[in-house]
Amino acid sequence: MKKVISAMLASLGLAWAFHSQAPAADRAILVQSTTSTANSGLYDHILPIFTEATGIAVNVVAVGTGQAIKNAQNCDADVLLVHAKPAEEKFVADGYGVKRFDLMYNDFIVVGPKDDPADISGMSDVGSALKKIAESGSVFASRGDDSGTYKAELGLWKSAAVNPAAASGAWYRETGSGMGATLNAAVGMGAYTLADRATWISFGNKGDFEIMVEGDNQLFNQYGVILVNGDVCPNVKSAEGKKFVDWLRSKDGQTAIAEFTVGGQQLFFPNAGDGAT
Amino acid sequence: MQDFAEAFTVAFGLVGALDADLVEIVVLSLRVSLAAMVVSCVIGLPLGGWLAISRFRGRGVMLVVVNALMGLPPVVVGLMVYLNFSRAGPFGWLGLLYTPTAMIVAQTILITPIIAALSRQVLEDLNTEYAEQLRSLNVTGFRVVRTLVWDARFPLLTVALAGFGRAVAEVGAVIIVGGNIDHLTRVMTTAIALETSKGDLPMALALGIVLLLIALGVNALVMSLRATAARYAYA
Amino acid sequence: MLRAVIDPPAPAAPEGAASTRLRTRNIVLKIDGKSVLDGVTLDFDPDRLTVIMGPNGAGKSLLLRILHGLLKPTGGEVSWGGGPAGPPRQAMVFQKPVLLRRSVAANIDYVLPKSECRDGEECAGLLARVGLAHKARQAARLLSGGEQQRLALARALATKPEALFLDEPTASLDPPSVLMIEQLVKEIQSTGTKVLFVTHDVAQARRLADDVVFLHRGCVTDHAPAADFFGGACSPVAADFLAGKIVI
C-alpha cells in the first residue's frame, strides 16, 4: 500500500513537472527579438495592452539580431522584430518572411568614460570620433557578435576608413556578447562602445560613463517587423502573428510604443506610417 | 563593496515581500531541476549500477567516456537540444522548444553522466562488500543492482543532490532551449543573466542570493530526512 | 604426510539425503602459480556434522568457498549426490557477517519468497530462534557483533538450506552468542541439513564435530570420526595442533 501511494505521488509530481502551463497557450505567439527592445522593458509595456485587446499572448525570446533571424529561419518564431534592414530584406527575399515593415526607430550613441582619453565628447560627426579613438589607441569594446548593433558599428568604421580588425585584441576588444554584457565590459575596462539609446537609458550599471557622440544621421537605428512565412513554416500561427504585426503598426500600437518611457525619456519613436519594403 | 550591501537589502526585500514574479521563477526553477534530477536518477542509477557490477570488454573505455561526459559544457548541450527540438530539427514536430519540458530534457542530458559516474563509484564500493554474500544467496543480475541502489540510498542521495545542484545552477543550456521567456521559461539563472545584462547588478546578486538560499533549503531538507531515516534502518 | 584418508563408517544413507552427499575429486587451487589446495579428495557423510580444522593458511576457507561454489578450482571437481539433480539449496555464514543496510526483519525478508514476506510468521519465527525477536525493527548494522552473526545465521536458515557452510562464524564473538550458534548448528544438522563448519578452535571442534577433516598446507591429512580423531588416531601434524604446538 505504501508503495502504491508513493508511486502515485511520484507520478503526480512528474506530471506536474512536465505539464505545459501557459494560459491560452494555443493562442500564444512567439516573437524572436533583439535584446535592446526586451531589456529596455518595451515589451512589458506594450504586450499587456495587445493581449488585453486581442486575447493573444506573446512570448518573446530576446537574442542578438543575427541569432533571432537564424532561429526564425528554423521556423522557431511567428514574428521577427529586429534592427538590421539589409539582413531583414534578405530574410524576406529568401522567402522566410511575408513582408518587412518599418516599425519604429531610435538612435545609436557612442558612450565612454568621463575622462574621455580620445577627447571626443560632444562631437556630432561619428566618423571623426571613431578615427580619433583609433588614432589615440583608446580602448573600444565591440559587440563582436552577429547583432544589428555590431553590423551598424562595422558600417560606421567603414565610413570612417578605419580597419579596427587590425587592432583586435589590442585597443579593439570584441566581447562576443549581448549589449548589456558589452556595456558591463566597457564600464569595467573604461572603454568606448557603441550602444542603442534604449539599452543605454535603461542600463543600470553606468558607472561614470556618459554619452560622447550623438545626433549624427549615420546613427539612425531602424527597427522592422516581419511575419514569418506560413508557406515555408507550416507551424507558424499566421492569423495571430498577422494580428500582432497589424496592431503594432496601427494607431493603438504606435501610440503604445510612443508612450513607453524610462525616467521620463521616450526610448522608441514609432514610424510605421513611413511605409513597408 | 556597495553593490553587495545593496544586493543583500534587495534580496531580503524580495524574499520578505514574496514577490509574485520571484515566486513564479523560483517554482519553475525547482520544478525543472527536480524533474531533471528524478529522470536522471531513473536513467543514471541503473546505468551506474550496471557499470559497477559488470565486467565486459570495453568497460574501461565506457567508464572514461561517462566520466568525461560529466564535463559536458551546458551551452553545447543546449545547442544539441535546440537543434533537435527546433521546428527545422528532427523532433520539431513535438513543439517542445521554448517550453519547460525542453529545459528538463537539456538538464537531464547534462546531469545523467554525473549521476551515473558518481553512483558507479558508490555502488562499486558497496559491491566489493556485498558481492560474495549476494552470490551465496543466489541473487543475480538486476536484483543485485536493485539491492545495491537501495542499500546505498543515502550516499546516492548526495549524488542526486550533486546532480540537482549542477542543474539548478546552470544557465547556458536553459537559456538556449528555454529562451528566458517571461512567465513561461524564465528560471533563476536566466533571470540573473538578464538582470546582469540590464546592468542591474544588485538585483542580479540578490537573485543569486535567493538561489543560494533555495539550494541551502533543499539540501537541509534532504539531509534532515536522511538523518531521520538513518536512525531507522541504516548504519 | 598423507597418512590415511579414512572413510567414515558408511551407514545406509537414507534416500532423502542422497542429494546432499558431497564429494570432491582431486581439487587443486593455484593462486599466482602457487598451489594453495593440492589434490583434495573427500567424501562427506550427509548425516554427520563435519568440522574442517587446520592452522591459519591451511586453505580451509578457500576449500569451503569451492564447495559452496563461490570459487572455481583450478582443477578437480565437486559433485553432489552423484545424480543429475544438481547442487541442493545451500547457504553460507561468513566469518564477518555481511548484513544489508536495512532493519533486522528486512534482512530476513530479503531472502524469503515474496508470499512469505513482510515480517510474517516465518520471519518472526526465525528471529525468535536466534533470540532477536525483540529487535526486528532495529537497524541490522547497529546490532552487536554476536547479534549480527546470529542474524546472518537466521538469514541463511531462511533459505531453507539442504547444506549449510559456516566459515569460522564464532571467531571473536561473545560466549552467549557462541553457545547459541553452536546449539543451532547442531539442531540444524539433526533435522537433515548437511553442515560443514570451519574452525581452528579445538574446544569448539570437540563440542560440535561428528567427523573431522584436518587440512595442512592445502592437503587433507586426516578425515576421521571425531571420537577417533580426538582419541589419538590422527596424523602427527594434527596431534601437534591438538597439543597446542605451533603448526605452520
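Please treat every number below as a calculation from the coordinates, not as lab data. Every value quoted in this text rests on a predicted model; they were computed, and no experiment measured them. So basically every Cβ, Gly included, is an ideal-geometry build from the backbone, and we count neighbours across all protein chains shown.
Just from its helices, what would the mean residue ellipticity at 222 nm be for chain A, if runs of 4 or more DSSP H residues each count -39500 (n - 2.57) and the sum is divided by every residue, rounded to the nearest 500 deg cm²/dmol? If you can, show how the numbers build up before the last one.
Values: 11 runs with 114 residues, N = 277.
About -12000 deg cm²/dmol.
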* Asked: Under the definition of partner shielding as Cβ atoms of other protein chains within 10 Å of a residue Cβ, what is the mean value for peptide A:57-63?
  -> 5
* Structure fact -> Subtracting the Cα-Cα distance of B:Leu18 and B:Ile214 from 0.36 nm times their residue separation yields 69.2 nm
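What is the average number of partner chain Cβ atoms found within 10 Å of a Cβ in B:180-186?
Working: counts 5, 10, 8, 5, 10, 3, 0.
Across the residues of B:180-186, the mean count of other-chain Cβ atoms within 10 Å is 6.
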* To do: Given the options B:Met188, B:Met103, B:Met80, state which has the largest fluctuation in a GNM of chain B using a 10 Å cut-off (strictly under) for Cα springs.
  => B:Met80
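Output the antiparallel fraction of DSSP beta bridges having both residues in chain C, as a percent to the nearest 5. Spell out each step's value before the answer.
Values: 19 of 35 bridges.
Beta bridges within chain C, antiparallel portion: roughly 55 percent.
Take the Cβ-Cβ distance between C:Ala124 and B:Ile43 as r, set R0 to 45 Å, and report the resulting FRET efficiency rounded to the nearest 0.05.
Values: r = 39 Å, r/R0 = 0.87.
Using R0 = 45 Å, I get an efficiency of 0.70.
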* To do: Enter the mean number of other protein chain beta carbons within 10 Å of the beta carbon of each residue in C:133-144, as an integer.
  => 2
* What are the lysines whose alpha-carbon lies under 17 Å from the alpha-carbon of C:Lys96, with same-chain residues fewer than 8 places away excluded? -> C:Lys60
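DSSP beta bridges in chain A, what fraction antiparallel, as a percent rounded to 5?
On the way: 25 of 40 bridges.
Around 60 percent antiparallel, to the nearest 5.
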* Rounded to whole Å and ordered largest first, report the semi-axes of the equivalent ellipsoid of the range B:2-234 derived from its Cα gyration tensor (root of 5λ). => 36, 23, 14
* State the number of lysine pairs found in the range A:107-219 whose Cα atoms come within less than 18 Å, restricting to pairs 8 or more positions apart or on distinct chains. => 5
* Asked: Picking from C:Met92, C:Met180, C:Met53, which is most flexible by a Gaussian network model of chain C using Cα springs under 10 Å?
  -> C:Met180
* Structure fact -> Whole-number value, in Å³ per residue, for the convex hull of the alpha carbons of the range C:164-205 is 61
* Could you pull out every one of the aspartates and glutamates with an alpha carbon less than 20 Å from that of C:Lys160, ignoring same-chain neighbours closer than 8 positions? => B:Glu132, C:Glu15, C:Asp45, C:Asp47, C:Asp109, C:Glu116, C:Asp119, C:Glu121, C:Glu122, C:Glu182, C:Glu187
* Structure fact -> Per GNM of chain B with C-alpha springs under 10 angstrom, the most fluctuating residue out of B:Leu157, B:Leu225, B:Leu69 is B:Leu225
* To do: Output the relative contact order of chain C, whole-number percent, from Cα pairs under 8 angstrom with separation of 6+ residues.
  => 29
* Measure off 7 Å from each Cα along the Cα-to-Cβ vector at A:Lys70 and A:Lys99, then give the distance between these two points in nanometres to one decimal. => 3.0
* Structure fact -> Here, A:Asp252 and B:Leu79, labelled 7 Å along Cα→Cβ, have an inter-label distance in nm of 4.3
* Per-residue HN-Hα couplings for the range C:37-47 [Karplus 6.51, -1.76, 1.60; θ = phi - 60°; Hz; x = Gly/Pro] -> 10, 9, x, 8, 10, 9, 9, 8, 6, x, 9
* Structure fact -> The helix B:100-136 Cα axis meets the longest alpha-carbon principal axis of chain B at an angle in degrees, between 0 and 90 and rounded to 10, of 30
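Where both residues lie in the range A:107-219, what percent of DSSP beta bridges are antiparallel, nearest 5? Each step should come with its number before you reach the end.
Working: 8 of 14 bridges.
Percent antiparallel among DSSP bridges in the range A:107-219 is about 55.
If neighbour count is taken as other Cβ atoms inside 10 Å, put B:Phe154, A:Phe268 in order from fewest to most. List each step's numbers first, then the result.
On the way: B:Phe154 17, A:Phe268 24.
Ranking B:Phe154, A:Phe268 by Cβ neighbours within 10 Å, fewest first, gives B:Phe154, A:Phe268.
Efficiency by 1/(1 + (r/R0)^6): what FRET value for A:Val262 and B:Val61, r their Cβ-Cβ distance, R0 = 51 Å, to the nearest 0.05? List each step's numbers first, then the result.
Working: r = 57 Å, r/R0 = 1.12.
E(calc), rounded to 0.05, equals 0.35.
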